[in-house]
Amino acid sequence: MTLHRRPLGRGRWMAALGGVLMVVGSVLPWWHVGGTPGITAESGNGLAGSGILVFLVGIATLALVALPYAAGDRPLGLDRWLTFAILAVAGWIGFAWRVVELLMAGAFQFTTPAEVLTNGPGLWLAAIGLALLSRAAYVMTRESAYR
């Protein structure tokens with residue numbers, strides 16, 4: 001027995017975790033170049049360019065997970081797997097567009113293999129968050145329509 005009127009299913013838990021990872025990943029650095037003696041360091045996060053779409057998808061995902069609790073006992077048409085899938089597609093488009101922009105600008109320059117992970121932790125967190133949201137939309141297709 002649970003005290004909640006509407007317990008979160010596994011898919012919505014995954015979507016909420018993905019939303020948090022996307023928001024945190026958007027604030028952390030996505031790329032870093034320079035920083036050696038004589039070269040100034042430049043970096044940027046996911047709030048620039050089309051990366052802002054990943055941040056907005058993260059916020060929208062968290063709002064969508066909380067929406068049934070705010071609406072009361074009425075079922076909502078937005079609270080379906082298709083809405084989460086559309087958000088995931090929009091997030092992947094913004095993410096891919098931003099990565100291509102950064103590739104074209106030469107922002108991914110690594111001197112050691114470890115810098116692939118350390119120069120852009122936000123990029124990796126945002127990608128993991130988008131993958132979780134995508135998986136959550138798939139899991140939601142297996143849940144009952146009437147929770």
Task: Boolean, Trp124 is over 14 Å from Leu53 (Cβ atoms), at pLDDT below 95 and touching a Ser or Thr at 6+ places or on another chain (Cβ under 7 Å) - done: no
Open item on the list: Which pairs turn up if I take residues in the stretch 1-25 that are under 21 Å from Pro121 (Cβ atoms) and look for partners that are among the polar types (S, T, N, Q) and at pLDDT 95 or above with beta carbon separation below 6 Å, at least 6 apart in sequence or on another chain?
Closed with: Gly19/Thr61
TODO: Could you look through the stretch 77-104, keep only residues that are without any contact (Cβ under 8 Å) to a residue 24 or more places away in the chain and either not in a helix (DSSP H, G or I) or not hydrophobic (A, V, I, L, M, F, W, C) (or both), and pick out the one that is surrounded by the fewest Cβ atoms within 10 Å (Cβ to Cβ)?
DONE: Gly77
Open item on the list: Can you pull out every residue in the stretch 105-114 that is in contact (Cβ under 8 Å) with a residue 60 or more places away in the chain and closer than 21 Å to Gly25 by Cβ?
Closed with: Ala107, Phe108, Gln109
TODO: Kindly check whether there is at least one residue in the stretch 56-69 that is polar (S, T, N, Q), surrounded by 16 or more Cβ atoms within 10 Å (Cβ to Cβ) and in a helix (DSSP H, G or I).
DONE: yes
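Among the residues that make up the stretch 130-144, is at least one of them under 16 Å from Leu28 (Cβ atoms), surrounded by 12 or more Cβ atoms within 10 Å (Cβ to Cβ), modelled with pLDDT of 80 or more and of a type outside the set (S, T, N, Q)? Give the derivation first.
First, pick out the residues of the stretch 130-144 that are under 16 Å from Leu28 (Cβ atoms): 130.
Next, only the ones that are surrounded by 12 or more Cβ atoms within 10 Å (Cβ to Cβ) stay: 130.
In the following step, the residues that additionally are modelled with pLDDT of 80 or more were identified as 130.
Checking which are of a type outside the set (S, T, N, Q) leaves us with 130.
Checked against the condition, which is being under 16 Å from Leu28 (Cβ atoms), surrounded by 12 or more Cβ atoms within 10 Å (Cβ to Cβ), modelled with pLDDT of 80 or more and of a type outside the set (S, T, N, Q), the stretch 130-144 yields at least one hit.
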Open item on the list: Kindly evaluate Val139 against the criterion of being in contact with a Lys or Arg (Cβ under 7 Å, 6 or more places away or on another chain) and in a helix (DSSP H, G or I).
Closed with: yes
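The values are calculated or read from the model by the stated rules, or taken from the named source; none is laboratory data. Quick caveat, the model's predicted, so the values are computed rather than measured. Using ideal geometry, Cβ is built from the backbone for each residue, glycine included, and neighbour counts are taken over all protein chains shown.
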